[in-house]
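The values are calculated or read from the model by the stated rules, or taken from the named source; none is laboratory data. Keep in mind the model is a prediction, meaning the values are calculated, not measured. FYI the Cβ positions are ideal-geometry reconstructions off the backbone, even for glycines, and counts take in every protein chain you see. For the accessible areas, the whole protein counts, side chains as well, though only heavy atoms, and no ligand, DNA or RNA atoms are used. Shrake-Rupley method; radii C 1.70, N 1.55, O 1.52, S 1.80 Å.
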Amino acid sequence: MQATELKERLKSLIESAFEVDMNLARRLEELNRWVKNVKPGLLTAKPLVSLLLLQIIQDAEAWLILQSMPSEEERLAALNVLSPALRYWYSDLFPKWLNENDPKFYVWRQKIMAGEFTQKDGALIESVSSEIQKRNSEIVRRYIADLSMATDIIVCSRFKPLCVQLTSLRDEHSQYKSDEWENTLRIWAIERGLFLSYNPATSNYVSQIVNIIIYNSNNLAPATYLKFNL
């Protein structure tokens, strides 16, 4: 979508959401206020803002379809068609984000609009995600999960989803970051999490990261927040 289309679609979804889910309408209103005075050309020059809006628009559209279904049985049937990782997003984390306070919401909106948010590990996350999918495991990536819930990817190999955060060992704030990660997962009542520090100087580290993620997706106990240094 072009910038003008994004803004128009956002306003249209707000109108639809008011009839179905007031919490969704409220979140979309907050995002609309965030971008309504940003000219289309400037919005186009901020690709992360546009990608974030596009993801939220797509999630909002899916959520409205689910919420508009006439019975709980039909909603559950629709969710069960989805992959386990995507089902977890729509049945657990996305509705939590709609219904609960997001303590980071105001801060990351400022940072991403100012161009201060950059995914330093973006290329690595892309490589890890691709390799995980090649091994017949499923992933979900959402900016909301990253910015608000300290989760780069949601992974589901065979059993329950695992929320994963990746960081380089070169990060001098790694200890503080890992503590903040655990606090954030507890705030959102995320059941299982993996904070994985890696050394980019290590040979074949992408495969090692993937091995650790898939193993813990299958084996990590409930209510566990594992911090692992590779």
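Solvent-accessible area per residue in segment 117-195 equals 46 Å², computed with a 1.4 angstrom probe and all protein chains kept.
Ligands, DNA and RNA are left out, and with a 1.4 angstrom probe the accessible area of segment 3-114 is 51 Å² per residue. Computed over the alpha-carbon pairs of the chain, the distance histogram in 10 Å steps reads 7, 30, 35, 22, 5, 0 percent, short to long. Taking every C-alpha pair closer than 8 Å and separated by at least 6 residues, the mean separation divided by the residue count of segment 121-229 gives a relative contact order of 28 percent.
3J(HN,Hα) along segment 144-155: 4, 4, 5, 6, 9, 10, 6, 10, 6, 9, 9, 10 Hz, from the Karplus curve 6.51 cos²θ - 1.76 cosθ + 1.60 with θ = phi - 60°, whole Hz, x for Gly and Pro. Distance between the 7 Å Cα→Cβ label points at Lys177 and Lys104: 1.2 nm. On the principal axes of its alpha-carbon atoms, segment 3-114 has extents of 44, 25, 23 Å, going from largest to smallest.
Return a whole-number percent for the relative contact order of the chain, with Cα pairs under 8 Å and 6 or more residues apart as the contact set. Computed value for the chain: 15 percent relative contact order. In segment 121-229, the C-alpha radius of gyration followed by the widest Cα-Cα span (Dmax) gives 12.7, 36 angstrom.
Spin-label model, Leu48 to Glu8: label points 7 Å out along the Cα-to-beta-carbon direction sit 2.9 nm apart. The loop-placed GluC sites (Glu not before Pro) in segment 1-88, going by DSSP, that have at most 16 neighbouring Cβ atoms within 10 Å of their Cβ come out as Glu19. Inter-part distance, segment 14-84 to segment 110-180, computed on C-alpha centroids, equals 21 Å. When the GluC sites (Glu not before Pro) in segment 101-135 are filtered for DSSP coil states and for at most 14 other beta-carbon atoms within 10 Å of their beta-carbon, the remaining sites are Glu116.
Using a Gaussian network model of the chain in which every pair of alpha carbons under 10 angstrom is joined by a spring, one finds that among Leu42, Leu93, Leu82 the greatest mean-square fluctuation is at Leu42. In a simple Cβ point-charge model (Lys, Arg +1; Asp, Glu -1; nothing else charged), segment 3-114 has a dipole of about 760 debye relative to its Cα centre. The dipole here belongs to segment 121-229: it is taken about the Cα centre, uses +1 on the Cβ of Lys and Arg and -1 on the Cβ of Asp and Glu, and is about 380 debye. Taking 0.36 nm per residue of sequence separation and removing the Cα-Cα distance, the Tyr205/Glu30 pair yields an extension gain of 59.0 nm. Solvent-accessible area assigned to carbon and sulfur over segment 71-230 amounts to 49 percent, based on a 1.4 Å probe. The translational diffusion coefficient of segment 104-183, from Stokes-Einstein at 20 °C and 1.002 mPa s with a Kirkwood hydrodynamic radius over alpha carbon pairs, comes to 155 µm²/s.
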